[in-house]
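Colleague: Please find one structure pasted underneath; my questions will follow.
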Amino acid sequence: MRVLLLGSGGREHAFAWKIAQSPKLSKLFIAPGNPATALLGENVAISATDFEALKEFSLRERIDMIVVGPEDPLVKGIYDYFTTNKETKHIAVIGPSKLGATLEGSKDFAKAFMTRHGVPTAAYRSFTKETLAQAYLFLETLKAPYVLKADGLAAGKGVLIISNLQEAKDELAKMFDGKFGAAGNTVVIEEFLKGIECSVFVLTDGKSYKILPEAKDYKRIGEGDTGLNTGGMGAVSPVPFADAEFMEKVRTRIVEPTVNGFHKDEIAYKGFVFIGLMNDGGEPSVIEYNVRMGDPETEVVLPRLDADILDLFEGVANGTLSEKSFGIKKEAAVTVVCVSGGYPEDYGKGFPISLPETAESIVFHAGTTLKEGTLVTSGGRVLTVTSLGATKEEALKKSYATIEGISFDKMYFRRDIGQDL
Ligand code: AMP
Ligand code: GLY
């Protein structure tokens with residue numbers, strides 16, 4: 001198979017690493033990729049949302065399958081663009097249709113979907129500027145803390161959790177006044193869920209599904225889960241509290257109604273569903289859907305997968321996923337993200353990176369580039385260091401030992417990944 005992978009971060013490096021191991025692969029391209037994916041395939045300087053250029057490239061290079069890493073091209077409709085065009089409909093796209101991607105692109109759509117299909121989630125109502133007075137009344141019926149969510153994509157910043165009622169009302173008014181741009185034209189107000197979070201990853205061909213290893217990520221910049229939200233500072237898999245009983249509840253109450261919902265609502269969905277869950281005393285409910293894999297969760301999920309990932313993707317594309325099988329490694333996987341000082345606020349770029357010659361870990365590249373032949377930082381999240389071990393502790397030891405040998409100016413990482421479990 002000739003495969004085109006879209007994206008350029010740690011998640012895409014992990015996908016490239018896994019795809020490169022497939023006996024079914026004849027050629028891998030990554031658009032746009034990063035210096036590490038260039039060692040696993042061929043990088044192509046095309047943006048993941050430039051559909052026209054991707055189409056031209058795919059036809060010229062006889063691409064069989066496009067694997068979509070980030071949500072942007074999905075929300076913009078890459079699946080529909082390729083599958084409804086005569087010239088390109090033979091190319092499999094691993095990812096949902098534009099309608100399916102609305103599960104991530106609109107929180108109001110996702111909540112209505114869950115309600116319609118009986119998927120447990122926090123009680124909610126949606127409001128617009130015109131219904132501000134009703135929104136205030138609804139807030140008054142809820143107990144603190146108050147959860148306000150901008151409906152649209154807001155770069156992971158659109159969720160506010162506020163303990164004071166008046167402050168919640170003020171923030172709501174600001175959202176309608178453009179605090180998150182058009183993403184906040186509609187706001188979902190929902191009940192606060194208590195408990196501990198984890199994420200479950202599902203691969204589906206729209207009819208059947210496979211549940212991949214679960215993971216927990218660490219979103220805050222500071223140790224002890226303090227400070228600003230980030231794209232993710234680390235992740236672990238498995239998650240000890242996600243035992244067989246919990247996962248069976250997740251399967252029957254959440255995954256099955258979700259996949260059946262795609263079918264009932266005629267939503268074309270051939271790709272990943274990333275389900276953010278709250279576990280409250282063993283009872284799971286859904287916080288959110290994402291229509292792609294997580295980053296950095298992919299960097300712990302894929303290393304635990306004993307599978308030919310292209311064989312699974314072929315099942316997704318052909319609607320034969322139910323005939324496929326795979327194993328899950330018993331080992332624990334952890335990943336620790338090395339970020340540029342200042343992230344997630346202002347940070348510098350272009351710092352030279354030095355890497356260890358050998359390591360017991362896999363160093364995935366998240367934000368790196370080559371400048372005159374030197375590897376330098378090009379983003380906030382720079383590298384993520386994944387290790388496998390008989391236990392989470394053993395895996396963590398390896399990742400932190402590897403990080404000892406990594407350096408760039410103002411490098412920062414959390415030393416407490418996995419410590420709360
Ligand atoms: P989201 O952008 O939907 O992932 O939300 C960001 C974070 O806000 C989640 O990872 C949770 O930690 C938190 N959150 C979202 N919704 C709720 C809720 N209803 N109750 C408690 N925490 C929530
Ligand atoms: N790590 C969270 C995400 O990928 O959305």
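Colleague: So, LEU139, is that one closer than 24 Å to GLU288 by Cα, of a type outside the set (Gly, Ala, Ser) and surrounded by fewer than 22 Cβ atoms within 10 Å (Cβ to Cβ) or not?
Modeller: Yes.
Colleague: May I ask you to verify whether ILE275 is within 15 Å of ligand 2 (Cβ to nearest atom), touching a residue at least 24 places away in the same chain (Cβ under 8 Å), within 28 Å of GLU345 (Cβ to Cβ) and not in a loop (DSSP other than H, G, I, E, B)?
Modeller: Spelling it out, it is not the case that ILE275 is within 15 Å of ligand 2 (Cβ to nearest atom), touching a residue at least 24 places away in the same chain (Cβ under 8 Å), within 28 Å of GLU345 (Cβ to Cβ) and not in a loop (DSSP other than H, G, I, E, B).
Colleague: (1) within 14 Å of ligand 2 (Cβ to nearest atom); (2) farther than 21 Å from ARG220 by Cβ: which one isn't true of LEU312, the others all being true?
Modeller: All conditions are met except number (1).
Colleague: Within region 93-127, take every residue that is within 15 Å of ligand 1 (Cβ to nearest atom) and of a type in the set (Ser, Thr, Tyr) and give me the one that is surrounded by the most Cβ atoms within 10 Å (Cβ to Cβ).
Modeller: THR121
Colleague: Checking ALA112 against (1) among the aliphatic types (A, V, I, L, M); (2) more than 16 Å from ligand 2 (Cβ to nearest atom); (3) touching a residue at least 40 places away in the same chain (Cβ under 8 Å); (4) out of contact with any Ser or Thr (no Cβ under 6 Å at 6 or more places or on another chain), which test does it fail?
Modeller: ALA112 satisfies every listed condition except (3).
Colleague: Filter the strands (runs of 3 or more DSSP E) completely within region 171-250 down to those with at least 3 residues that are modelled with pLDDT of 95 or more and either of a type in the set (A, V, I, L, M) or touching a strand residue (DSSP E or B) at 6+ places or on another chain (Cβ under 6 Å) (or both).
Modeller: Here the list reads 186-190, 196-204, 209-211, 234-237.
Colleague: Going through region 150-189 one residue at a time, which ones are touching a residue at least 40 places away in the same chain (Cβ under 8 Å), within 16 Å of ligand 1 (Cβ to nearest atom) and over 21 Å from PRO70 (Cα atoms)?
Modeller: Correct list: LEU172, THR186, VAL187, VAL188, ILE189.
Colleague: Given the condition assigned to a loop (DSSP other than H, G, I, E, B) and either under 16 Å from the mean Cα position of the chain (by Cα) or modelled with pLDDT of 95 or more (or both), answer yes or no: does some residue in region 52-59 qualify?
Modeller: The answer is no, given that none of the residues of region 52-59 is assigned to a loop (DSSP other than H, G, I, E, B) and either under 16 Å from the mean Cα position of the chain (by Cα) or modelled with pLDDT of 95 or more (or both).
Colleague: Something else: Of all residues in region 278-309, which are within 11 Å of ligand 2 (Cβ to nearest atom) and assigned to a loop (DSSP other than H, G, I, E, B)?
Modeller: Across region 278-309, the qualifying residues are VAL291, ARG292, MET293, GLY294, ASP295, PRO296, GLU297.
Colleague: List every residue pair whose Cβ atoms lie under 9 Å apart, where the two residues are 6 or more positions apart in sequence or sit on different chains, the first residue falls within region 6-27 and is among the aromatic types (Phe, Trp, Tyr), and the second residue, located anywhere, is within 14 Å of ligand 2 (Cβ to nearest atom).
Modeller: PHE15/GLY7; PHE15/GLY69; PHE15/MET293; PHE15/THR298; PHE15/LEU302; TRP17/LEU302; TRP17/PHE364
The values are calculated or read from the model by the stated rules, or taken from the named source; none is laboratory data. Here the structure is a predicted model, which means the values were calculated and not measured. Please note: Cβ atoms are built from the backbone with ideal geometry, for glycine as well, and neighbour counts cover all protein chains shown.
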